[in-house]
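A short write-up of the structure that comes next.
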Amino acid sequence: RQEVDLSDAVTFKVTGYSGYGVAEVALNEEALEEKYEDLISEHTKIRWSKFIEEVDLLEYEVTELSGLSNGDKITLTWEYDKELAAEEYKVDILCESIEYTVTGLTEVKKVDPFEDFTVTFDGVSGDGYANIDIEGYPDYRNYFNYEVSNRYSLSNGDTVEITFDVSKYKDFVAEQFGYELYPTKKSY
């Protein structure tokens, strides 16, 4: 029997931020052909291209490729016809699956969106109002709106709550900028 080892033909590339990483899997068909074409052609008496087609050698499934964190595992499982390869062509195909551990993703940075907020109160009790001043304007603020619970008709002792709505763009901002807003609510 001849052996074909598929493990050398697969590369994984993971980019992004931990928790939001995206993987790409590449199969180097040319490297496999270069390494095994002559061997398989001599051994099976058929062309390499016919062999891989009949055995479905390049068919595989991969586990989740997005939303990845450092330490997650990606598994690529080959779906070739092992029995046909072994019985009809006398070829043992090595490496039924390959497991790759995700590493090197940058951790998402927690950013306090209120660190640049200044809230002051003016007016008289019962008819007071809240002034909100924001210094600086990081890119991620383009994607989040904040809401103020009550801004007018304030009395001494009232609480004003500011909330960032992160539901719509949380994942996008984490993926693109590496930021996650925390906390998203603060009382003054």
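The values are calculated or read from the model by the stated rules, or taken from the named source; none is laboratory data. Quantities reported herein were computed from a predicted structural model and do not represent experimental measurements. Cβ coordinates were reconstructed from backbone atoms using ideal geometry, including for glycine residues, and neighbour counts include every protein chain displayed. Quick note on the areas: whole protein, heavy atoms, side chains included, nothing else; ligands and nucleic acids left out. Shrake-Rupley method; radii C 1.70, N 1.55, O 1.52, S 1.80 Å.
Of the conditions (1) closer than 30 Å to Thr44 by Cβ; (2) out of contact with any helix residue (DSSP H, G or I) (no Cβ under 7 Å at 6 or more places or on another chain), Cys95 satisfies every one except a single condition; which number is it?
Result: Cys95 passes all but (2).
Go over the candidates Leu58, Leu68, Leu105 one by one and state the one that is farther than 24 Å from Leu32 by Cα, of a type in the set (A, V, I, L, M, F, W, C), free of Cβ contacts under 8 Å to residues at least 60 places away in the same chain and in contact with a strand residue (DSSP E or B) (Cβ under 9 Å, 6 or more places away or on another chain).
The conditions single out Leu68.
Which ones in the range 58-76 are open to solvent by less than 60 Å² (accessible area, probe 1.4 Å), out of contact with any helix residue (DSSP H, G or I) (no Cβ under 7 Å at 6 or more places or on another chain) and either in a helix (DSSP H, G or I) or more than 18 Å from Asp171 (Cβ to Cβ) (or both)?
Val62, Gly71, Ile74, Thr75, Leu76
Residue-wise test of (1) open to solvent by less than 30 Å² (accessible area, probe 1.4 Å); (2) touching a strand residue (DSSP E or B) at 6+ places or on another chain (Cβ under 8 Å); (3) aliphatic (A, V, I, L, M).
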site: Leu6; (1), (2), (3): yes, yes, yes
site: Thr11; (1), (2), (3): no, yes, no
site: Ala26; (1), (2), (3): no, yes, yes
site: Glu34; (1), (2), (3): no, no, no
site: Ile46; (1), (2), (3): no, no, yes
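Can you list the strands (runs of 3 or more DSSP E) lying wholly within the range 98-188 that have 3 or more residues being within 30 Å of the chain's Cα centre (by Cα)?
Because the criterion is at least 3 residues that are within 30 Å of the chain's Cα centre (by Cα), the strands (runs of 3 or more DSSP E) in the range 98-188 that meet it are 109-111, 145-148, 161-165, 179-181.
Among the numbered conditions (1) over 30 Å from Glu37 (Cα atoms); (2) surrounded by 14 or more Cβ atoms within 10 Å (Cβ to Cβ); (3) free of Cβ contacts under 8 Å to residues at least 60 places away in the same chain, tell me where Ser155 comes up short.
In the conditions (1) over 30 Å from Glu37 (Cα atoms); (2) surrounded by 14 or more Cβ atoms within 10 Å (Cβ to Cβ); (3) free of Cβ contacts under 8 Å to residues at least 60 places away in the same chain, Ser155 misses (2) alone.
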